[in-house]
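Let me begin by presenting the structure, written as structure tokens, before commenting on it.
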Amino acid sequence: MAAFNMIQCKLIGFRVLAVIFMVLIVSACAEVPITHREGLHLVPDAELVSMSFQQYQAVLEKSQLSTDARQTAMVRRVGMRIASAAETFLKESGAPGAIANYHWEFNLVHDDKTVNAWVMPGGKAVVYTGILKYTRDETGLAVVLGHEVGHALADHGNERLSQSLLTQLGGMALAVALQSQPQQTQALFMQAFGVGSSVGFLLPYSRLHESEADRIGLTLMARAGYDPREAIPFWQRMQAQEQSRPPEFLSTHPAPETRIRDIQAHLAEALPYYQKAIR
């Protein structure tokens, strides 16, 4: 009888823990701008931003910054226009407090083999020279940076890092994980924010995250005065350079045809902002 009661107590204990866990998960959900989807954010913003600044400096120390003054100036000019549009968007969306988390910085890294760009929490961004042959001009670059800032505004990195902490580190808090398993945690962080292959394994965003970043990015670039319709030829250029790709259901990214079709569907949402910006 005592053994039976002990088993009952353990079962009740597990149920209580499960309920507490579910409450924590629900309370950690946050809404994605524009799409209004709720995502899991277990890592506090202050911890995330602090770590991102440290990792960003580490990336820059290992990288070779571009010495091309014209291209570097273009990256910073486009980046700050997108950043300004993002802050205006946050104010109008009723989230002006979130602006304090961003300390924008845009750098161009000389690496012609890496076709990538990323924005960490807090607004620290890197563009690799390898992507410039596809962006071609300021508007093409605005497609890329609008998309990457879209990932940041949607907290996709927090969502992916939270999922990794749950699945790979048993739901361990970020601060605890850094103390007990620093190398693995730092690797998870870099993967979560899509940092280039020069500093680690590049984990692609999910199809859902990519589609959300495309949609948010169109609005941001339009608000910044860049024609969102130019997103279509940019992705067509990206599609043309791919020799082969797996079927969409096997890929973590939208197939180019699907991505372009979705962008076309969201242009009506973004174009009024562009028309207002150029008046």
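The values are calculated or read from the model by the stated rules, or taken from the named source; none is laboratory data. Keep in mind the model is a prediction, meaning the values are calculated, not measured. So basically every Cβ, Gly included, is an ideal-geometry build from the backbone, and we count neighbours across all protein chains shown.
Values for this structure:
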read-out: Residues of segment 112-149 satisfying the condition of being under 18 Å from the mean Cα position of the chain (by Cα) and closer than 16 Å to residue 65 by Cβ; value: 114, 116, 117, 118, 124, 125, 126, 127, 128, 131
read-out: Among (1) assigned to a loop (DSSP other than H, G, I, E, B); (2) modelled with pLDDT of 95 or more, the one test that residue 265 misses; value: (1)
read-out: Filtered residue count, segment 28-66, keeping only those that are assigned to a helix (DSSP H, G or I) and either in contact with a His (Cβ under 6 Å, 6 or more places away or on another chain) or of a type in the set (Asp, Glu) (or both); value: 3
read-out: Any hit, segment 100-117, residues being assigned to a helix (DSSP H, G or I) and loosely packed, with under 15 Cβ neighbours inside 10 Å; value: yes
read-out: Residue in segment 60-77 that is at pLDDT below 75, surrounded by 13 or more Cβ atoms within 10 Å (Cβ to Cβ) and over 18 Å from the mean Cα position of the chain (by Cα) present; value: no
read-out: Residue match in segment 133-142 (condition: under 24 Å from residue 241 (Cβ atoms), charged (D, E, K, R) and in a helix (DSSP H, G or I)); value: yes
read-out: Positions within segment 226-242 being surrounded by 16 or more Cβ atoms within 10 Å (Cβ to Cβ) and of a type in the set (Gly, Ala, Ser), in sequence order; value: 231
read-out: Pairs where the first residue, in segment 85-114, is closer than 18 Å to residue 75 by Cβ and the second is of a type in the set (D, E, K, R) and surrounded by 16 or more Cβ atoms within 10 Å (Cβ to Cβ), C-beta under 7 Å, 6+ apart; value: 85/223; 105/124; 106/76
read-out: Pairs with Cβ under 9 Å, 6+ apart, first in segment 25-47 and within 24 Å of residue 88 (Cβ to Cβ) and surrounded by fewer than 17 Cβ atoms within 10 Å (Cβ to Cβ), second at pLDDT 75 or above and basic (Lys, Arg); value: 31/37; 35/215
read-out: Test set (1) among the basic types (Lys, Arg); (2) farther than 28 Å from residue 43 by Cα; (3) surrounded by 19 or more Cβ atoms within 10 Å (Cβ to Cβ) - residue 124 fails condition number; value: (2)
read-out: Test: residue 169 is modelled with pLDDT under 80 and touching a Ser or Thr at 6+ places or on another chain (Cβ under 8 Å); value: yes
read-out: Residue check, residue 230 modelled with pLDDT under 90, assigned to a helix (DSSP H, G or I) and among the acidic types (Asp, Glu); value: no
read-out: Unique match (being more than 30 Å from residue 278 (Cβ to Cβ) and acidic (Asp, Glu)) among 68, 111; value: 111
read-out: Hits in segment 48-59 - residues which are surrounded by 14 or more Cβ atoms within 10 Å (Cβ to Cβ) and closer than 22 Å to residue 98 by Cα; value: 48, 49, 50, 51, 52, 53, 55, 56
